[in-house]
Amino acid sequence: MSGLNWVKSSFSDEGGNNCVEVAATEDGAALRESDEPGRILTLSPQGLSALIVVIKQNPSP
């Protein structure tokens, strides 16, 4: 998955830790944590949409 344009979440802290990054792929999207860039979750557009719905329904405290 090299060559992807990773974008850091606006909710990430200023120190660069605890960051979620997303990149567009030919088939949907890829997600990763900045502290483990080798572990990538790939999602179809439908999968990403479903993940966003679940996250919005269950916000962290």
* **Å² of accessible area per residue within the chain, as computed with a 1.4 Å probe and no ligands counted** => 79 Å²
* Asked: One-quarter of the Cα convex hull surface for the chain, in nm²?
  -> 4.6 nm²
* Asked: What ³J(HN,Hα) values, in whole Hz, does the Karplus curve 6.51 cos²θ - 1.76 cosθ + 1.60 give for region 32-42 when θ = phi - 60°, with x put for Gly and Pro?
  -> 7, 9, 5, 7, 9, x, x, 9, 10, 9, 9
* Structure fact -> If amide H atoms are modeled at 1.01 Å from N in the peptide plane, then the residues at a separation of 5 or more from Cys19, or on another chain, having amide H under 5 Å from its own are Ser34, Asp35
* **Over the chain: helical MRE at 222 nm, DSSP H runs n ≥ 4 each giving -39500 (n - 2.57), nearest 500** => -7000 deg cm²/dmol
* Given a 1.4 Å probe and the protein chains all in place, what does the accessible area of Glu36 round to, in Å² to the nearest 10? -> 80 Å²
* Asked: Percent of accessible area on the chain owned by carbon and sulfur, 1.4 Å probe?
  -> 53 percent
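The values are calculated or read from the model by the stated rules, or taken from the named source; none is laboratory data. Since we're looking at a predicted model, the values are computed, not measured. The area values use the complete protein model at the heavy-atom level, side chains included, leaving out ligands, DNA and RNA. Shrake-Rupley method; radii C 1.70, N 1.55, O 1.52, S 1.80 Å.
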